[in-house]
Amino acid sequence: MNVLAKMLCLITLSVSACIANAASSKIGILVFDGFLTSDVTAPIEVFGAATKKLWFSSYEVIVISATSNKAVTSEEGLKIVADKTIYDDIELDVLLVPSAYEMDVFLNDKALIRFIREQGKDASWMASNCSGAFLLAEAGILNGKKATTWAGGEKSLARSYPEIKVQFDTNVVIDNRVITSNGGPVSYQAAFELLEKLSSKAFAEEISEAIQFDRLVHAFQP
């Protein structure tokens, strides 16, 4: 094989590798009016930073509106324009559900619950922050599993959904490819634990250092 042929071969292999590494797995983060900001922005920051790395480049983070309107506003006033809505044809590898102070309207939204239930059939991981656990519960995702919700809301979750093995005073709970957390700042911890499951502990630590989250962790260690 002459030099030119070798160069063409290397270029072909390089292009093929790039195509192979193109985003093929989607991490969907649900949003709706009144969502609690950190429930959404924490995983977006963690997974978004990871997708910039070659080892996680096969993943893409997309934001999904719970209604046909892609423009939503968080409880704290953050305005977001979602990439997709629950009415689009989407296949997700991961679905993460946030919370709001008033969840009844979402728990009674049949289209939303159906979307969560359908995604749960094929997604590799399902996740929730804070009272988003109630949405997973309503969709039947948490039946028979250990799970948590916002700190102080555990009794309500257990009372409303007796089939769930509710865990008390626990930041993050992982059971059979479902991860639930207290939400708020703990949303970062949950995102890193999920990132570790999707990649490795070393890669999760790499992102923790990249966004300087590790400095916060070390600050609270004795």
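Bear in mind these aren't lab numbers, they're just calculated from the coordinates by the rules spelled out. In this text the structure is predicted, and so the values were computed from the model without any measurement. As a convention, Cβ positions derive from the backbone with ideal geometry for all residues, glycine included, and neighbour counts pool all protein chains shown.
Odds and ends about this structure:
- Over segment 163-222, Cα pairs under 8 Å with separation of 6+ residues give a relative contact order of 16 percent.
- Potential lengthening between ILE211 and GLU76 on full extension [0.36 nm per residue; Cα-Cα distance subtracted]: 46.3 nm
- Net dipole in debye of the chain [+1 Lys, Arg Cβ; -1 Asp, Glu Cβ; about Cα centre; nearest 20]: 460
- Note that segment 96-222 carries a Kirkwood radius of 15.0 Å, evaluated over its alpha carbons pair by pair.
- Each peptide among 52-60, 148-156, 30-38, 187-195 gets the average number of other Cβ atoms lying within 10 Å of its residues, and from highest to lowest they stand as 187-195, 30-38, 148-156, 52-60.
- Candidate lysines - alpha carbon under 22 Å from LYS145, same-chain residues fewer than 8 apart omitted: LYS121, LYS155, LYS165, LYS197
- MRE, 222 nm, helices only [DSSP H, n ≥ 4, -39500 (n - 2.57), over the chain, to nearest 500]: -13000 deg cm²/dmol
- Fraction in percent of alpha-carbon pairs per bin - 5 Å, the chain: 1, 7, 14, 18, 19, 15, 10, 6, 3, 2, 2, 1, 1, 0, 0
- Taken about its Cα centre, segment 109-222 carries a charge dipole of about 460 debye when Lys and Arg each add +1 at the Cβ and Asp and Glu each add -1 at the Cβ.
- Inter-centroid distance (Cα atoms) of segment 37-72 relative to segment 104-153, Å: 18
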